[in-house]
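Heads up, the thing below is written out as structure tokens.
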């Protein structure tokens, strides 16, 4: 049977407006012309426990045609809305903005401290997980005070807060003393009730000349063992974050961590040698001994001497071994300290013991997962470090006291 | 005219009287005869005067029709008491007069009495190169209209057509539509004989066969198709013969008309027959087992069967280093897609899928579009249509004026529209790049197809975004895969897959890797050569 092309074409043309591929609920075609857009760059969520309302604050940009630059301070716009639920608040935002809000490009989500404290994280995470405009690769930050304060803060080096936060987050891999995770990690870990969750803490302080200063430092641990008691939130210091990042691969990129030690007897400063450490390989194994799990952690590290004021000759094998030993001791001490804190005080499994045992000892896990909260604080960990390399650098060492 | 005076001298009064009688007698009968019988049933009369009258009637009111009676000085009276005489007929503007004088009329006038009849005239008297015997009036008329000179001498039951046409022709020059940097610069002309000569001189084998058909009810255009006997697939040849036989057209002026009449899918936007002005391209096609169709009066030669990828090839690809050619081939495939999808992709992602644009780029594009009063589709349509208008104006106008148009166009469209805020800069960039991309497609007919398909694509993209584009592309893909050209799937060697031939059809690999002929064109002889994969080792260094 041969169907003529004309009726077919007609059929297609008639059906065109009916296809709802990109349609709206009202039935029209959801065309969003570019010049109507208000691009949301930063989203902040807070909770008002008194009125039991969510506060949504956003920073948007509506670029205008100006000489050469798409974004100028005049094009950045900050607003807030409240609502009984986050969705309601986000709809209320539309009453205040002329353009169409799009969230696709909002790279940073800031959660206020009140959310964590008031046990409403579950709703917040669910909202972000369901919303199809929110990217799972958005960074999650927890504000020390309110999220709104960060969203409305004046940026220092960029035209808007979105760019500034993004830049600071991208630098974390070089710094390694905090970690910012993505929405995807948050959703994955938060849904697993045995795993804790950690992300960066953002804080605003008054800097020089009364200017706002935004710092992302430390890490916030949200204990997910019992989401109903999520108020047991605690903050890790920079040093603890550093140890955590050796323990586990938290972010995509392994950080380059600096450890300072004192090498040689008579040092003028507190420490005279800085070593940059990067984890090359991690091998964690779990064993069950007498019905109790035990973790064995083997780390392979790469080290690079970045500065040294020592008298000792770094080109000698013994010196290098001594240096390695010193750094090793320090790292292990830090890690033990962190582990003790997480196990005894916070009772948060952000180092990932639960998933390790789950993977390696399925039967044990299924029998004992009910008692995990009791088992976890008492799991002993054996940490050993192997050095893959200790690079000396290419310059000749300055020999103090040497003439000429 | 020298010829007229010469022949006038041999006219005798007595003969003139006889002629008049015969003429009067024949005048009525000739017209009646021509009306009552079709031309092909009227045979050539042994009496010249009868034929003269008949042809005069056929060519009545054709002012360039010339006939000359020939009276032979050496002739003796025949058995019927008449001195044999003859006549030549030709169309004055179509024959080569020098050849006519030297090789036809002079020898005829000087021949002896014994040489009047039969083969003798053809074999020994007329020294012209190509002589055709015609035995009915239709064939005679056809020969005269195609520029031959017709000779008849009393007693002959056929007429002789001396093929020595003297049309005005253009000399061989570089083809303008397919220029190249390196490679032969000869191009076809409007003369069939020149074109076949350009092919034959590059392919010196008796295996190169050519067959001739006359097409066009009134134009009677000579169409010649050439092929390599040992390579061409019988089915393809049969199809070509059959389709050419079935062509019914009034006037055939250009190969494009024939293309439309013999191609498989007339309604498809895609061209299915490659046309070229380059003899080297035709020769390489013949050596792949294809058939070349040459039409008298146009320099464009058709190549069948052609597949889609043939339209993305330029003959220069094989004359450059293969790295470069392969890169250019890949680039061309990409620019083909850009030419087809450029504006529609822009419309789709700016109106529906803003999440696909990186943030800084999005902000820049938004700021460029700030204040533009039209939706993206209208903006794109305005720009695309004005681009097509400019292009058309540039092509149609005389060359000196054409450049003025493009300057005004560039200034008005490019600058003023942007400054006035009617069109965004981003759209100008997209449309300009798409326009240029469409010119990188070597085949002009394919480039036109993509330019035209761009518009429905844009409308679909504005309504359905990338989903719509995907649907349209799938539909287009299904259509392209469903076409066959002379029995060969149009999307070969991609679908169906013939990886072996990708080396020359899609990419340009070094020679050892592209020694395989296209197996979807012919299966008789698949290997072009036996070049070993390793280059020959040099023996000795020549220094010892």
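Mind checking whether some residue in the stretch B:498-516 is assigned by TED's automatic domain parsing to the domain that holds residue B:384, touching a strand residue (DSSP E or B) at 6+ places or on another chain (Cβ under 9 Å) and in a loop (DSSP other than H, G, I, E, B)? I'd like the intermediate steps shown before the answer.
Residues of the stretch B:498-516 assigned by TED's automatic domain parsing to the domain that holds residue B:384: none.
Checked against the condition, which is being assigned by TED's automatic domain parsing to the domain that holds residue B:384, touching a strand residue (DSSP E or B) at 6+ places or on another chain (Cβ under 9 Å) and in a loop (DSSP other than H, G, I, E, B), the stretch B:498-516 yields no hits at all.
Does residue B:438 fit the bill of being crowded, with 22+ Cβ neighbours inside 10 Å, modelled with pLDDT of 90 or more and either over 24 Å from residue B:328 (Cβ atoms) or in the same structural domain as residue B:349 (by TED's automatic domain parsing) (or both)?
Details: crowded, with 22+ Cβ neighbours inside 10 Å: yes; modelled with pLDDT of 90 or more: yes; either over 24 Å from residue B:328 (Cβ atoms) or in the same structural domain as residue B:349 (by TED's automatic domain parsing) (or both): yes.
For residue B:438, the condition - crowded, with 22+ Cβ neighbours inside 10 Å, modelled with pLDDT of 90 or more and either over 24 Å from residue B:328 (Cβ atoms) or in the same structural domain as residue B:349 (by TED's automatic domain parsing) (or both) - is met.
Output the number of residues of the stretch B:346-368 satisfying the condition of being surrounded by 16 or more Cβ atoms within 10 Å (Cβ to Cβ) and more than 8 Å from chain A (Cβ to nearest Cβ).
Of the stretch B:346-368, the ones surrounded by 16 or more Cβ atoms within 10 Å (Cβ to Cβ) are B:346-354, B:357, B:359, B:362-368.
Within this subset, residues satisfying the condition of being more than 8 Å from chain A (Cβ to nearest Cβ) are B:346-349, B:353, B:357.
Qualifying residue count, the stretch B:346-368: 6.
Give the residue that is surrounded by the fewest Cβ atoms within 10 Å (Cβ to Cβ), with candidates limited to residues of the stretch A:101-113 that are more than 14 Å from chain B (Cβ to nearest Cβ) and under 14 Å from residue A:200 (Cβ atoms).
Filtering the stretch A:101-113 for residues more than 14 Å from chain B (Cβ to nearest Cβ) gives A:109-113.
Now narrow it down to the ones that are under 14 Å from residue A:200 (Cβ atoms): A:109-111, A:113.
Details: A:109: 23, A:110: 24, A:111: 27, A:113: 19.
In this case the residue turns out to be A:113.
Mind listing whichever residues of the stretch B:271-300 are over 24 Å from residue B:336 (Cα atoms) and part of a strand (DSSP E or B)?
B:291, B:292, B:293, B:294, B:295
Given the options A:116, A:124, name the one that is assigned to a helix (DSSP H, G or I), crowded, with 18+ Cβ neighbours inside 10 Å, away from chain B (no Cβ under 11 Å) and at pLDDT 85 or above. Talk me through it step by step, then tell me what you get.
Values: A:116 fails: at pLDDT 85 or above.
So the residue among A:116, A:124 that is assigned to a helix (DSSP H, G or I), crowded, with 18+ Cβ neighbours inside 10 Å, away from chain B (no Cβ under 11 Å) and at pLDDT 85 or above is A:124.
Since residue B:463 meets every condition but one in (1) within 13 Å of chain A (Cβ to nearest Cβ); (2) under 25 Å from residue B:259 (Cβ atoms); (3) modelled with pLDDT under 90, which condition does it not meet?
Here residue B:463 meets the rest and fails (2).
Tell me yes or no: at least one residue of the stretch A:132-152 is more than 20 Å from residue B:364 (Cβ to Cβ), surrounded by fewer than 21 Cβ atoms within 10 Å (Cβ to Cβ), in the same structural domain as residue A:200 (by TED's automatic domain parsing) and at pLDDT below 85.
Yes, there is a match, as at least one residue in the stretch A:132-152 is more than 20 Å from residue B:364 (Cβ to Cβ), surrounded by fewer than 21 Cβ atoms within 10 Å (Cβ to Cβ), in the same structural domain as residue A:200 (by TED's automatic domain parsing) and at pLDDT below 85.
Given B:512, B:493, B:456, B:532, which one is over 20 Å from residue B:389 (Cβ atoms) and at pLDDT 90 or above?
Every option except B:493 fails the conditions.
Mind counting the residues in the stretch B:335-352 that are out of contact with any helix residue (DSSP H, G or I) (no Cβ under 6 Å at 6 or more places or on another chain) and farther than 23 Å from residue B:417 by Cβ?
The number of residues fulfilling the criteria is 3.
So, residue B:203, is that one surrounded by 18 or more Cβ atoms within 10 Å (Cβ to Cβ) and either closer than 23 Å to residue B:313 by Cβ or modelled with pLDDT of 90 or more (or both) or not?
Numbers: surrounded by 18 or more Cβ atoms within 10 Å (Cβ to Cβ): no; either closer than 23 Å to residue B:313 by Cβ or modelled with pLDDT of 90 or more (or both): yes.
In short, no.
Working only within the stretch B:204-221, note down all residues that are touching a residue at least 24 places away in the same chain (Cβ under 8 Å), touching a helix residue (DSSP H, G or I) at 6+ places or on another chain (Cβ under 7 Å) and over 11 Å from residue B:244 (Cα atoms).
Selection gives B:208, B:220.
Out of all the residues in the stretch A:313-323, is one or more at pLDDT 85 or above and either within 18 Å of residue A:246 (Cβ to Cβ) or within 31 Å of the chain's Cα centre (by Cα) (or both)?
Yes, there is a match, as at least one residue in the stretch A:313-323 is at pLDDT 85 or above and either within 18 Å of residue A:246 (Cβ to Cβ) or within 31 Å of the chain's Cα centre (by Cα) (or both).
Counting just the residues of the stretch A:50-69 that are within 14 Å of chain B (Cβ to nearest Cβ) and more than 26 Å from the chain's Cα centre (by Cα), which one comes out modelled with the lowest pLDDT? Walk me through how you get there before you give the answer.
Step one: of the stretch A:50-69, the residues within 14 Å of chain B (Cβ to nearest Cβ) are A:59-69.
Cutting the leftovers down to more than 26 Å from the chain's Cα centre (by Cα) gives us A:62-69.
Details: A:62: 85, A:63: 82, A:64: 76, A:65: 62, A:66: 63, A:67: 59, A:68: 64, A:69: 72.
Step by step, filter the stretch A:50-69, then rank; the result is A:67.
Do you know which of the residues in the stretch A:70-99 that are assigned to a loop (DSSP other than H, G, I, E, B) and touching a residue at least 24 places away in the same chain (Cβ under 8 Å) is nearest to the other protein chains (Cβ to nearest Cβ)?
Among them, the one singled out is A:71.
Can you give me the number of residues within the stretch A:350-387 that are loosely packed, with under 13 Cβ neighbours inside 10 Å and closer than 30 Å to residue A:308 by Cα?
Matching residues across the stretch A:350-387 total 1.
Hey, residue A:342 hits all of (1) surrounded by 17 or more Cβ atoms within 10 Å (Cβ to Cβ); (2) assigned to a helix (DSSP H, G or I); (3) in contact with a helix residue (DSSP H, G or I) (Cβ under 7 Å, 6 or more places away or on another chain) but one; which does it fall short on?
(3)
What single numbered condition from (1) over 15 Å from residue B:309 (Cα atoms); (2) crowded, with 19+ Cβ neighbours inside 10 Å; (3) free of Cβ contacts under 8 Å to residues at least 40 places away in the same chain fails to hold for residue B:471?
That leaves (2) as the condition not met.
Quick check on this structure: which one of A:186, A:165 is at pLDDT 75 or above, in a helix (DSSP H, G or I) and closer than 25 Å to residue A:347 by Cβ? Working first, answer last.
Numbers: A:165 fails: closer than 25 Å to residue A:347 by Cβ.
None of the other options fit; the residue is A:186.
Based on this model, can you work out whether residue B:323 counts as away from chain A (no Cβ under 14 Å) and either out of contact with any helix residue (DSSP H, G or I) (no Cβ under 9 Å at 6 or more places or on another chain) or closer than 29 Å to residue A:64 by Cα (or both)? Lay out the reasoning, then the answer.
Numbers: away from chain A (no Cβ under 14 Å): yes; either out of contact with any helix residue (DSSP H, G or I) (no Cβ under 9 Å at 6 or more places or on another chain) or closer than 29 Å to residue A:64 by Cα (or both): yes.
Criteria met by residue B:323.
Inside the stretch B:86-192, counting only helices (runs of 4 or more DSSP H) that do not spill past its ends, which hold 3 or more residues that are at pLDDT 85 or above?
On the way: elements: B:97-100, B:106-110, B:137-145.
Counting at least 3 such residues, we get B:137-145.
Please find, within the stretch B:369-396, the residue that is modelled with the highest pLDDT out of those that are part of a helix (DSSP H, G or I) and within 7 Å of chain A (Cβ to nearest Cβ). Let's see the steps before the verdict.
Quick first cut of the stretch B:369-396, residues part of a helix (DSSP H, G or I) only: B:369, B:376-396.
The next check asks that each one be within 7 Å of chain A (Cβ to nearest Cβ); those that pass are B:369, B:376.
On the way: B:369: 85, B:376: 90.
Ranking the candidates gives B:376 first.
List the number of the failed condition for residue A:307; all other conditions in (1) in contact with a strand residue (DSSP E or B) (Cβ under 7 Å, 6 or more places away or on another chain); (2) modelled with pLDDT of 90 or more hold.
(2)
The values are calculated or read from the model by the stated rules, or taken from the named source; none is laboratory data. Keep in mind that this is a model prediction, so the values were computed, not measured. Backbone-built Cβ (ideal geometry, glycine too); neighbour counts: all protein chains shown.
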